[in-house]
Amino acid sequence: MGITNKKGGYGFLIGWIVMLGDLLCINLFFLVLFKYYGYIFFYDKHSLIEFFLLINLSYYVTKHIIPANISSNIVFFDKIVQRAVSFISVLMLIFITGVTLFGVVSPKWYEWAICYLALCFFYSLWHVIFRIVLKSYRQSGHNYKRVVIVGGGLNGLDIMHEFASSVYGYKVCGLFDDNEELKKTQPLYVGKISKVEQFCIDNEIDEIYCTLPGNQEPKILKLLNFSEKNMIRFYLVPEFYKYIKRKLVLNFLRSTPIIEIRTEPLQSFSNRLLKRAFDIVFSLIVLVTVFPLVYLICGLLIKLESPGPILFKQQRTGLHGKIFTCYKFRSMKLNKEANLLTTVKTDPRITRIGNFMRKTSIDELPQFINVLVGDMSVVGPRPHMIKQTEIYNKLIDTFMIRHLIKPGVTGWAQISGYRGEIKTVEQMEGRFKHDVWYLENWSFILDLKIIFVTAFKVVFGDEDAY
């Protein structure tokens with residue numbers, strides 16, 4: 001008997017809904033622009049028609065270069081925004097080239113820039129809202145994929161539990177294994193592996209996840225051939241998943257497959273160039289606008305309250321473990337323990353102006369000098385004192401991995417509750433895991449998110465800042 005209910009729902013319409021929503025969003029945006037700023041953009045009604053023909057043609061061209069990915073079963077919001085921004089960037093490039101060639105419109109460059117940023121925002125917002133609605137739709141029992149799991153070992157049970165707690169549109173219809181004892185503990189156990197093929201045909205299964213060990217090659221090959229003949233997608237879960245549970249990358253050395261145990265987006269030259277360009281522009285803006293005034297005011301107050309320099313210089317661990325001089329506004333009285341002891345709550349060494357600067361993160365502003373010269377980035381793992389690095393490197397085996405990228409003025413760990421004093425090894429491991437997660441999942445949009453959250457916490461306060 002087949003498994004009932006709304007497997008596809010109205011899933012066949014999702015692609016059309018996304019495309020129509022895209023066209024509505026883009027055309028409505030420019031219609032509003034025309035209504036209020038038409039005198040800037042258009043010469044006459046004739047140019048308006050050409051304008052909308054060009055923008056819609058640009059959309060269809062861009063759609064084939066950067067296809068939408070918001071209806072996939074698993075896709076995260078930062079990736080949705082990143083793809084949306086990439087889409088609008090390419091669309092605007094094609095569109096501006098077209099209108100320039102045909103002489104349809106004549107805005108200035110800064111008007112194009114404002115138009116581009118606004119369209120990025122509204123297009124990304126539409127995609128995020130659609131994704132939230134789609135997840136809710138799937139969570140209510142519609143538009144899901146039917147899957148079976150072959151192999152009842154640890155890997156198979158892990159995959160089954162992942163799907164059971166997922167809101168991404170999967171439904172586990174059965175677990176198959178030759179160990180019939182599993183039916184006592186696993187409600188989804190259907191039977192032996194020999195029953196998989198008929199079950200998949202009877203129940204219109206979409207995907208097979210095979211977690212059988214490599215020594216069962218004949219069974220694996222039989223399932224693979226069956227899935228391809230019946231247009232069922234086949235996924236093989238490797239045995240090493242039991243002890244390496246992270247995102248992996250498959251490459252080839254000629255015909256030999258090689259698995260990288262860690263993805264690093266910043267290994268790409270284009271990503272490093274983008275991050276460095278942003279660091280230079282952002283740090284220059286801060287150093288030219290905010291920093292001089294803050295330096296004069298805070299510098300005067302620092303000098304009035306305690307003797308010593310305005311800037312505090314400290315050796316810290318940077319990219320690839322190299323030592324660099326990190327700059328901060330001095331927030332403590334001069335003391336011999338500055339390079340040995342970390343700051344604690346109600347630290348007697350902190351001055352009154354220092355306490356204010358630390359709570360508002362003003363003391364970190366000079367680090368934009370480090371960013372400009374290339375020792376640091378705006379976003380990255382926070383740099384530690386050399387003594388801290390030596391201690392935690394002994395306690396955490398892979399601790400130095402966090403130094404594969406430049407340290408940052410702010411970071412993913414800092415906005416996730418791991419700012420300030422670290423009292424236990426467990427807290428340090430938590431910070432370390434967040435730093436490695438950032439290393440493996442970097443994107444420009446993620447950097448912008450971290451900067452935004454950091455700014456929000458600076459304005460509204462952060463209980464971990466002291």
Next on the checklist: Any residue that is at pLDDT below 85 and among the hydroxyl-bearing types (Ser, Thr, Tyr) - is there at least one of those in the range 299-316?
Outcome noted: no
Filtering the range 91-111 down to residues that are at pLDDT 80 or above and of a type in the set (Phe, Trp, Tyr) yields Phe95
In the set Val196, Val150, the lone residue that is outside the structural domain of Asn27 (by TED's automatic domain parsing) and over 36 Å from the mean Cα position of the chain (by Cα) is Val196
Note on the range 29-51: residues modelled with pLDDT of 80 or more and either touching a strand residue (DSSP E or B) at 6+ places or on another chain (Cβ under 6 Å) or surrounded by 15 or more Cβ atoms within 10 Å (Cβ to Cβ) (or both) are Phe29, Phe30
Of (1) surrounded by fewer than 22 Cβ atoms within 10 Å (Cβ to Cβ); (2) out of contact with any helix residue (DSSP H, G or I) (no Cβ under 6 Å at 6 or more places or on another chain); (3) part of a helix (DSSP H, G or I), Asp447 fails just (1)
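Which residues, taken from the range 311-330, are more than 13 Å from Ile369 (Cβ to Cβ) and surrounded by 14 or more Cβ atoms within 10 Å (Cβ to Cβ)?
Of all residues in the range 311-330, those more than 13 Å from Ile369 (Cβ to Cβ) come to 314-323, 330.
Within the range 311-330, Gln314, Gln315, Arg316, Thr317, Gly318, Leu319, Arg330 qualify.
Of these, Ile88, Ile3, Ile26, Ile14, which one is among the β-branched types (Val, Ile, Thr), modelled with pLDDT under 85 and not in a loop (DSSP other than H, G, I, E, B)? Show your work before the answer.
Values: Ile88 fails: modelled with pLDDT under 85; Ile3 fails: not in a loop (DSSP other than H, G, I, E, B); Ile26 fails: modelled with pLDDT under 85.
So the residue among Ile88, Ile3, Ile26, Ile14 that is among the β-branched types (Val, Ile, Thr), modelled with pLDDT under 85 and not in a loop (DSSP other than H, G, I, E, B) is Ile14.
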Checked pairs for the range 280-308, first assigned by TED's automatic domain parsing to the domain that holds Val373, second surrounded by fewer than 13 Cβ atoms within 10 Å (Cβ to Cβ), C-beta under 8 Å and 6 or more apart or across chains, list as Glu305/Arg352; Ser306/Leu334; Pro307/Leu334; Gly308/Leu334
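For the range 245-264, state whether one or more residues are exposed (fewer than 14 other Cβ atoms within 10 Å of the Cβ), more than 30 Å from Ile159 (Cα to Cα) and either of a type in the set (A, V, I, L, M, F, W, C) or modelled with pLDDT of 90 or more (or both). Outline the logic, then answer.
Restricting attention to the range 245-264, the residues satisfying the condition of being exposed (fewer than 14 other Cβ atoms within 10 Å of the Cβ) are 245-247, 249-261.
Still in the running and more than 30 Å from Ile159 (Cα to Cα): 254.
Checking which are either of a type in the set (A, V, I, L, M, F, W, C) or modelled with pLDDT of 90 or more (or both) leaves us with none.
No, because not a single residue in the range 245-264 is exposed (fewer than 14 other Cβ atoms within 10 Å of the Cβ), more than 30 Å from Ile159 (Cα to Cα) and either of a type in the set (A, V, I, L, M, F, W, C) or modelled with pLDDT of 90 or more (or both).
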Cβ pairs under 7 Å, 6+ apart or interchain, first in the range 419-443 and closer than 13 Å to Arg262 by Cβ and in contact (Cβ under 8 Å) with a residue 60 or more places away in the chain, second in a helix (DSSP H, G or I) and aromatic (Phe, Trp, Tyr), ordered by first then second residue, are none
The residue from Thr389, Thr398, Thr360, Thr351 that alone is surrounded by fewer than 24 Cβ atoms within 10 Å (Cβ to Cβ), polar (S, T, N, Q) and under 23 Å from the mean Cα position of the chain (by Cα) is Thr398
Checked Ile220, Ile159, Ile205 against criteria (part of a helix (DSSP H, G or I) and at pLDDT 90 or above); the one match is Ile220
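The values are calculated or read from the model by the stated rules, or taken from the named source; none is laboratory data. These numbers come from a predicted model, not from an experiment. Cβ sites come from the backbone with ideal geometry, for glycine too, and all protein chains shown count toward neighbours.
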